[in-house]
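Participant: Quick one: this structure, given as structure tokens, is what I'll be asking you about.
The values are calculated or read from the model by the stated rules, or taken from the named source; none is laboratory data. Note that the structure is predicted; figures quoted are calculated from it, not measured. Backbone-built Cβ (ideal geometry, glycine too); neighbour counts: all protein chains shown.
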Amino acid sequence: MEITVSDQAINKLLEGGIGGETFLRLGVQPGGCAGMSYSAYADDILTEMDAVIYDEDGLRIAADHRYLHLIDGLSIDFSDDLIQPGFILKNPNAQHSCGCGASFKERETDEVTPCGGNCR
């Protein structure tokens, strides 16, 4: 299980209060225009179902064991682009990603749902 986090994303997360006892919890849930949506929020309680999937540079990221196969290889970056600033998630397990990158479809499924511009 491996994910990568760019220096820009690390800095933005640390600026946002993720660090020390507080970690970023990543998850996946049904939803979004492509089928599965990411969830991410600050947390400070690890459970027995959690795996710490990133622990470097003062930043910890954890996820429930049920989602590890969906986020293995995930790349997290941050862009301060004027048109579409924010975190950028690139997932090698995605067959299809929404145009805005907020949702994806797993490789194992056949159906592809176009974004249609209603992603957010």
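Participant: Which one of these is touching a residue at least 12 places away in the same chain (Cβ under 8 Å) and of a type outside the set (Phe, Trp, Tyr): Asp55, Asp64?
Facilitator: Working: Asp55 fails: touching a residue at least 12 places away in the same chain (Cβ under 8 Å).
Checking each option against the conditions leaves just Asp64.
Participant: Report, by residue number, each residue of the stretch 37-71 that is touching a helix residue (DSSP H, G or I) at 6+ places or on another chain (Cβ under 7 Å) and either closer than 17 Å to Phe87 by Cα or assigned to a loop (DSSP other than H, G, I, E, B) (or both).
Facilitator: Residues satisfying the conditions are Met49, Asp57, Gly58, Leu59.
Participant: From the set of residues in the stretch 72-91 that are charged (D, E, K, R) and not in a loop (DSSP other than H, G, I, E, B), which is surrounded by the fewest Cβ atoms within 10 Å (Cβ to Cβ)? Walk me through how you get there before you give the answer.
Facilitator: Here is the first cut: in the stretch 72-91, the residues charged (D, E, K, R) are 72, 77, 80-81, 90.
Add one more test, that the residue is not in a loop (DSSP other than H, G, I, E, B), and what stays is 77, 90.
On the way: Asp77: 16, Lys90: 14.
Across the stretch 72-91, the extreme among qualifying residues is Lys90.
Participant: Next up: Considering Ile3, Ile18, which residue is under 11 Å from the mean Cα position of the chain (by Cα) and not charged (D, E, K, R)?
Facilitator: Ile3
Participant: Turning to a different aspect of this structure: Does the stretch 55-89 hold any residues that are more than 15 Å from Gln8 (Cα to Cα) and under 12 Å from the mean Cα position of the chain (by Cα), and which are they?
Facilitator: Residues satisfying the conditions are Ile61, Ala62, Ala63, Tyr67, Leu68, Leu70, Ile71, Asp72, Gly73, Leu74.
Participant: So which pairs qualify, if the first residue must be in the stretch 2-22 and within 19 Å of Ala51 (Cβ to Cβ), the second must be modelled with pLDDT of 95 or more and of a type in the set (Gly, Ala, Ser), the Cβ gap must be under 7 Å, and the two must be at least 6 apart or on different chains?
Facilitator: The qualifying pairs are Ile18/Ala42; Thr22/Ala42.
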